[in-house]
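*Asks:* Here it is: the structure, laid out below.
The values are calculated or read from the model by the stated rules, or taken from the named source; none is laboratory data. Predicted, not measured: the structure shown is a model, and the values here were computed from it. Glycine gets a Cβ as well: all are built from the backbone with ideal geometry, and neighbour counts include every protein chain shown. Only protein heavy atoms, including side chains, enter the accessible area calculation; ligands, DNA and RNA are left aside. Shrake-Rupley method; radii C 1.70, N 1.55, O 1.52, S 1.80 Å.
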Amino acid sequence: MSRAEPAGAALLPERRRTRPLWTLGLLRNELVTTFRRWRTLALLAVLAGVPVLVGIAVKVQTGNGSGAGRGGDGGPAFITQVTNNGLFLVFTALAATLPFFLPMAIGVIAGDAIAGEANSGTLRYLLVAPAGRTRLLLTKYATVMAFCLVATLVVAVTALAVGALLFPLGDLTTISGTRISFADGLARALLIALVVAASLIGVAALGLFISTLTGSGIAAMATTVGLLITVQILDQIPQLHALQPYFFSHYWLSFADLMRDPVYWHDLTRDLGLQALYAAVFGTAAWARFTTKDITA
């Protein structure tokens, strides 16, 4: 007994010292595992295909002499400007993917984060390692947020490449009617991509919370995507206008205000504040659920 106690005491400080390294290793493994899955690659491929299809459609329509689009057609924002400047394809592609494709992809990855591990029987193995439930949950959420950023950049970079290939580039006109340089427009495009990625952190937290409620990855993904669709429908019903400012999707398209001169920050700050609120509420709910539930798989 006397020999075992000093040995255990000697190992305890060493284990504590290696926890930060273990956290980085766990995050690295989660990132590699997530981005190596065929499902993840397929989702990124679909997202990359949207700006390609939009760019080709606009190019063909322009070639037929019918113009890039008409005001009031209900198409994606900025689509009427794509033929004048290929950089507008970045904004158009983000506006086209944000209402459904990007949130759906985030919902699939977030919904599978915990439930997928439980379904495959690897969740107990991860918890046996010196990670801890809180650390594992934070790592999962960080991985989902990394996917938010990567997915958004895939759309933006693909749209920029297609826009440069099919349309001219140069100075562009803002929504306010002022002219800005191509470099300024490119910087705003990057800022818009970051804002769009940040607008999805609420969905990521919601999906992670749902993932802690079930041991079926498919059920968690389907529930998350179903809620996304439901909220989008409710956000279009005029009778619910009093509740709509609290829906996580209500201010998603406010990123267009970054193309104003000067920038209109009101809806942008509301969007980011609302996403932070959703992340805090559902992140806390996910932590409370995950740290108290019985892990049987």
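*Asks:* Compute the length gained on full extension between ILE175 and ILE218: take 0.36 nm times their separation in residues and subtract their Cα-Cα distance, giving the result in nm to one decimal. Present the calculation step by step, with values, prior to reporting the outcome.
*Replies:* On the way: separation 43, 0.36 × 43 = 15.48 nm, distance 4.20 nm.
Contour length minus Cα-Cα distance gives 11.3 nm.
*Asks:* On to the next question. Could you sort 45-53, 106-114, 178-186, 93-101 so that the peptide with the highest average Cβ count within 10 Å comes first and the rest follow in order? Could you put the intermediate results ahead of the total?
*Replies:* On the way: 45-53: 17.1, 106-114: 28.1, 178-186: 13.9, 93-101: 21.9.
The packing order, highest mean first, is 106-114, 93-101, 45-53, 178-186.
*Asks:* At 7 Å along the Cα-to-beta-carbon direction for both ASP261 and ALA187, put a label point, then send me their distance in nm to one decimal.
*Replies:* 1.3
*Asks:* May I pose another question? Could you put LEU190, LEU227 in order of accessible surface area, largest first, with the 1.4 Å probe and the full protein assembly present? Show your work: numbers first, answer last.
*Replies:* Details: LEU190 95, LEU227 70 Å².
The ordering from most to least exposed comes out as LEU190, LEU227.
*Asks:* For the residue pair LEU53 and ARG270, what label-to-label distance in nm results when each label sits 7 Å from Cα along the Cα-to-beta-carbon direction?
*Replies:* 3.1
*Asks:* Test of understanding: express the Cα radius of gyration of segment 146-297 as a ratio to 2.2 N^0.38 Å, with N the residue count. Write out the running numbers ahead of the final one.
*Replies:* Working: Rg = 18.6 Å, N = 152, 2.2 N^0.38 = 14.8 Å.
Segment 146-297 yields a ratio of 1.26.
*Asks:* I would also like to ask the following. Highest mean first, how do 282-292, 245-255, 206-216 rank when packing is the count of other Cβ atoms within 10 Å averaged over residues?
*Replies:* Values: 282-292: 16.8, 245-255: 19.4, 206-216: 24.5.
Descending packing order for the listed peptides: 206-216, 245-255, 282-292.
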